[in-house]
Amino acid sequence: MISGLRTRLVLAFLLVAAVGCGTTAALTYREARNAILEQAQDTAVSSFRDQIQELHLNLPPNTEQMQGMVRGLARQGKPRDWWVYVEYGSVRLSSGTNPTSTVITPELRRQARGTPHGSFQRVVRNGEPYLTMVMPVVFKTAQTGTGGQTQRPTGLTFYAVMRLTDEQANVDAMVVAARDGALPALAIALVPALLAARSVLRPVRDLRQAARSLGRGRLDTRIPVKGGGELSELARTFNESTAALERSVDELQRAEARARRFASDVSHELRTPLAGMLAVTELLDEDAAGLDPDTAAAVRLISSETDKLAVLVEDLMEISRFDARAAELNTDEIDAAETIRRTLQSRHWTDPARIVLDLPDGIRARLDPRRFDVVIANLVGNALRHGRPPVTVALRTETRPPAPRTAEGAADGTPDAPGGGSTRWLVTEVADRGPGIPADVLPHVFDRFYKADQARTRSEGSGLGLAITLENVRLHGGTVRAANGPGGGAVFVVEIPLTTSEVTA
């Protein structure tokens, strides 16, 4: 939750508000506290100094005179009552019951000896604040010839102690008021925080939705640009990038369409002359035995290359139909094992030393017989050309639970079984005993015209057989994959769902 941008924005806004409230409250508290304490302190110190200066003393004072002084001073305390103490030599008297006070600190006593004008100090004892004041009594004498005065201590020192509980109560009330005011202020600050987060996140949300729409292929997606600032610049940059991407994709699509039309047109135009060439090469093959050896070899080479060219043209035509989404399935209920046997027999791949069959009878499936024939022929022919015999062709069925679905559809791209139950699959496996497929070649075996050896410019096939196999299997809603067997050799596995077929094996 904290990692969300909205939460972080709101927390940052509240943190700033809290810091602002706290700083303001702290500064206000400090100034108000100092003002309250200084007002009481200045009043008390000024009043105490004035009263000491108005005293009429007879030195040395007697005990009764000093006792009357401290009681009189205590009665005149401002802004509230004082406890007054006096010291004269070893004599200690007070306006209360104790002649001395524990609130008066040694530091204040030292200041009394060094400061004839008096001093004061705020002290906290047992959790209660006090203001302590000291004022020594001095004689003022005139200096001859200078017109100034000198101050001579009398040894008589008065102390006054005043509670600051009322001032402290006022300060505590200010703290409570600041605390109680901060919480509603933070609650109120939450409203502009949410509004600010919403205004910031709206462009981000629009950008996310636009990126998601762009990922679905809608290249005409644009974000409305409002106002100025970084977010509007981001929206403008996104729109410019999307427009550039749309132009690039359009150009690529037009180029791809032109390439497809070119391949289709070239293949279509080549079919007619190739048909004539094939007829001629067949006649030449029949008469090749009566020609001289060099001419016969040339005739057979021309015939072989013409056959390869015819296969390439047919494969290009087939690929162009897949690219144009024009390929269709003409399904029929067939015996899968019997169909595979007919495919092998029509290509004369019946030698038990080269082909090993594991085809249980009775497996019926609704397939396109022509396209399934092409799939088997391409895989077995590829195994015979690039692997080593014997090539094993195995057929079986498997029942599997449905794959988990995602928000975009089935996990593997295949249709779910009716009613959401298990799916039966027709599995055809073609394996050879050759060296296998190199690891760097495996991801590309179904690519068009891909060559494992880049230096090899020619091959016996057209280079499109496995690509056509992949498209035919996909057209049936199935998958085909290539791997290396545990004992060596390449293994191709074709899986087609039997959603509308009967399996009687």
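The values are calculated or read from the model by the stated rules, or taken from the named source; none is laboratory data. Being a predicted model, the structure only gives us computed values, none of them experimental. Virtual Cβ from ideal backbone geometry, glycine too; neighbours counted across all protein chains shown. What goes into the accessible areas is simple: the full protein's heavy atoms, side chains included, and nothing from ligands, DNA or RNA. Shrake-Rupley method; radii C 1.70, N 1.55, O 1.52, S 1.80 Å.
What the table shows:
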| quantity | calculated |
| --- | --- |
| Residue-normalised accessible area of the chain, expressed per residue, 1.4 Å probe, Å² | 59 |
| Helix-only [θ]222 nm of the chain, DSSP H runs n ≥ 4, -39500 (n - 2.57) each, per residue, nearest 500 | -18000 deg cm²/dmol |
| FRET efficiency for Arg163 and Glu54, using Cβ-Cβ distance with R0 set to 22 Å, rounded to 0.05 | 0.35 |
| Residue-span extension gain [Asp81 to Arg347] - 0.36 nm each, minus C-alpha spacing | 83.3 nm |
| Ranking by accessible area, most exposed first, for Val176, Val138, Val70 with a 1.4 Å probe | Val176, Val138, Val70 |
| Rg/Rg_ref, segment 229-323, where Rg_ref = 2.2 N^0.38 Å and atoms are Cα | 2.01 |
| In order through segment 340-348: 3J(HN,Hα) via Karplus (6.51 cos²θ - 1.76 cosθ + 1.60), integer Hz, x for Gly, Pro | 5, 4, 5, 4, 5, 5, 5, 9, 6 |
| Pairwise label distance in nanometres, Ala244 with Glu333, each label 7 Å out on the Cα-Cβ vector | 6.0 |
| Gln209 versus Asp294: modelled label distance in nm, points set 7 Å from Cα along the beta carbon direction | 7.9 |
| Percent carbon-and-sulfur accessible area, segment 16-66, ignoring ligands, DNA and RNA, probe 1.4 Å | 53 |
| For the chain: Kirkwood Rh in Å [reciprocal of mean 1/r, alpha carbons] | 34.5 |
